[in-house]
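What follows is a set of notes on a single structure, which appears directly below.
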Amino acid sequence: MNLFARLIYRALVWKERQRARRASPTGKAAHLETGARGETLAYWYLRQAGYTMVARNRRARAGAGELDLTGWDGPILAFVEVKTRTSAEAGPPEAAVSRAQQKRIAKAAHEYLRRLERKPVSYRFDIVSVFRDPEAGYQVRLIKDAFKG
């Protein structure tokens, strides 16, 4: 399974390089398109790293927030926030996860855990930082246990 995830991840990186060269308009806002591409790369990066993914873009009730990716890293359930950047002007992607956003993610995660049939569960909050360097291509970095919820 890791071989399959590795092949998909490499194919996506190649595809994104090709897309970046063409820069064709799709009708979506550029930042939303960038975020969606980053989440797809992060998903396959995590699969390649051995995560068993169980949810994508899961919205909590009552506007509590959204969980970008949720997956098992062995016996630990990881709630993963994905941040994608195409410029270094605003700093590294992971710096964009503010304390307020961490609280929203934690609230959504606790709601998810309440509904989970498997209890008790060890969990953590990870960040996947995706940066597109015009010369080096996509750089994906996983930060495990990035913040406390």
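The values are calculated or read from the model by the stated rules, or taken from the named source; none is laboratory data. Everything numeric in this text was worked out from a predicted model, so none of it was measured. Note: ideal-geometry Cβ built from the backbone for every residue, glycine included; neighbour counts use all protein chains shown.
Does Leu46 satisfy the criteria of being over 22 Å from Ser122 (Cα atoms) and in a helix (DSSP H, G or I)? Against the criterion (over 22 Å from Ser122 (Cα atoms) and in a helix (DSSP H, G or I)), Leu46 does not qualify.
Residues of the range 96-106 that are among the small types (Gly, Ala, Ser) and touching a residue at least 12 places away in the same chain (Cβ under 8 Å): Ala96, Ala106. Might you check whether a residue that is of a type in the set (A, V, I, L, M, F, W, C), surrounded by 12 or more Cβ atoms within 10 Å (Cβ to Cβ) and out of contact with any Phe, Trp or Tyr (no Cβ under 7 Å at 6 or more places or on another chain) occurs anywhere in the range 19-33? Scanning the range 19-33 turns up at least one residue that is of a type in the set (A, V, I, L, M, F, W, C), surrounded by 12 or more Cβ atoms within 10 Å (Cβ to Cβ) and out of contact with any Phe, Trp or Tyr (no Cβ under 7 Å at 6 or more places or on another chain). Within the option set Ala11, Ala95, being in a helix (DSSP H, G or I), farther than 17 Å from Ala146 by Cα and modelled with pLDDT of 85 or more holds for one residue only, Ala11.
Matching residues to (1) over 25 Å from His110 (Cβ atoms); (2) outside any strand (DSSP E or B):
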| residue | (1), (2) |
| --- | --- |
| Arg37 | yes, yes |
| Thr40 | yes, yes |
| Leu67 | no, no |
| Gly71 | no, no |
| Phe79 | no, no |
| Thr84 | yes, no |
| Ser87 | yes, yes |
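Residue under question is Arg124, and the condition is that it be modelled with pLDDT of 95 or more and surrounded by fewer than 21 Cβ atoms within 10 Å (Cβ to Cβ); does it hold? Considered against the rule, which asks whether it is modelled with pLDDT of 95 or more and surrounded by fewer than 21 Cβ atoms within 10 Å (Cβ to Cβ), Arg124 comes out as yes. For the range 135-149, a residue qualifies if it is more than 16 Å from Ile76 (Cβ to Cβ) and either touching a residue at least 12 places away in the same chain (Cβ under 8 Å) or in a strand (DSSP E or B) (or both), and the qualifying residues are Gly137, Tyr138, Gln139, Val140, Arg141. Considering the conditions (1) touching a residue at least 60 places away in the same chain (Cβ under 8 Å); (2) assigned to a strand (DSSP E or B), Ile127 is excluded by exactly one of them, (1).
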